[in-house]
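The values are calculated or read from the model by the stated rules, or taken from the named source; none is laboratory data. This is a predicted model, so every value here is computed, not measured. Neighbour counts run over all protein chains shown; Cβ positions are idealised from the backbone, glycine included. Side chains are part of the model used for accessible areas, which takes the heavy atoms of the whole protein and leaves out ligands, DNA and RNA. Shrake-Rupley method; radii C 1.70, N 1.55, O 1.52, S 1.80 Å.
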Amino acid sequence: MQKIILIVGDSGSGKDFVMNIANMYPGIEVVKRYISRDSRDGEESFSSVFSVPIEVIKGLDYYYEGAEAGRYYGIKKSDLEDVLNNGMSPMVVCPNYKNYLELCRDFPELVVPIFVYRGYEDSELEAWRQSLRDRGSSQEEIDKREKKRDKYFRELYVEHTDEYASNVILNLYGLTTPEDIMIQIEGLCEKNDIDILKNEFGSLGK
């Protein structure tokens, strides 16, 4: 069955990493996000359209402010509908509870939220901070993102455990491999009756 796979998680949890792997399944298609900021060096663009004016993003069906203040992300309802009409399951990042409710309203019984959990031990948090330093973030930016990260975790998981607790992908720094992510994706898709269309050579096949 085709459903909307909604990837949620706090800032830096690895949502794009999960989507890059999931997009290799023939039955899943990652839906583009429209983003107000410029792309970063080496950042994948297959799932994103960058440098979109904020006023344009705010005119889309679903939009939210990202972890970095003043940077907005949006999704078109028609893009989701196109993927469903093509017999595939759209996958999209939308870490905002308001948007989750809007999607459930527009697509009753079709939205499956999957929470990407990164880990909160000191070593894991420090690895996350270092990844931001490596991308050129200042300490002030890192501090702001850490506050937003905690806020997202509370809003998305702690306060809405009923929606997210049963669908979690564990993605720990330095421990979780792409193969681990594949196993988790396949298990969650089977559990939620989502057809990912494995091919004869195994799990991947686009």
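Only residues that are open to solvent by less than 50 Å² (accessible area, probe 1.4 Å) and modelled with pLDDT under 80: list them for the range 117-130, please.
Applying the first criterion (open to solvent by less than 50 Å² (accessible area, probe 1.4 Å)) to the range 117-130 yields 118-119, 124-125, 127-128.
Result: G119, E124, L125, A127, W128.
Against the definition (of a type in the set (D, E, K, R), in contact (Cβ under 8 Å) with a residue 60 or more places away in the chain and surrounded by 12 or more Cβ atoms within 10 Å (Cβ to Cβ)), how does R145 come out, yes or no? Yes: the conditions hold for R145. Among residues of the range 86-112 that are farther than 22 Å from E68 by Cβ, those with a beta-carbon under 9 Å from a residue that is assigned to a strand (DSSP E or B) and open to solvent by 50 Å² or more (accessible area, probe 1.4 Å) at least six positions away or on a different chain give the pairs N86/E29; M88/E29; S89/E29; P90/E29; M91/E29. Conditions: (1) of a type outside the set (F, W, Y); (2) assigned to a helix (DSSP H, G or I); (3) open to solvent by less than 30 Å² (accessible area, probe 1.4 Å). I114 meets all but one. Number of the miss? In the conditions (1) of a type outside the set (F, W, Y); (2) assigned to a helix (DSSP H, G or I); (3) open to solvent by less than 30 Å² (accessible area, probe 1.4 Å), I114 misses (2) alone. Only residues that are within 16 Å of V116 (Cβ to Cβ) and not in a helix (DSSP H, G or I): list them for the range 130-165, please. Scanning the range 130-165 gives H160, A165.
Screening Y64 with (1) without any contact (Cβ under 8 Å) to a residue 40 or more places away in the chain; (2) open to solvent by 40 Å² or more (accessible area, probe 1.4 Å); (3) in a strand (DSSP E or B) gives one miss only, at (2).
Scanning for something assigned to a helix (DSSP H, G or I), open to solvent by 40 Å² or more (accessible area, probe 1.4 Å), of a type in the set (S, T, Y) and over 24 Å from K144 (Cβ atoms), does the range 37-49 turn up at least one residue? Looking through the range 37-49, none of the residues is assigned to a helix (DSSP H, G or I), open to solvent by 40 Å² or more (accessible area, probe 1.4 Å), of a type in the set (S, T, Y) and over 24 Å from K144 (Cβ atoms). Within the option set D180, D162, D195, being loosely packed, with under 14 Cβ neighbours inside 10 Å, of a type outside the set (S, T, N, Q) and either out of contact with any helix residue (DSSP H, G or I) (no Cβ under 7 Å at 6 or more places or on another chain) or at pLDDT below 85 (or both) holds for one residue only, D162. Among residues of the range 1-22 that are farther than 14 Å from C189 by Cα and of a type in the set (S, T, Y), those with a Cβ under 7 angstrom from a residue that is part of a helix (DSSP H, G or I) and modelled with pLDDT under 95, sequence gap 6+ or separate chain, pair up as S11/R145; S11/K148; S11/R149; S11/Y152. E102 passes every criterion in (1) open to solvent by 50 Å² or more (accessible area, probe 1.4 Å); (2) among the acidic types (D, E); (3) assigned to a helix (DSSP H, G or I) apart from (1).
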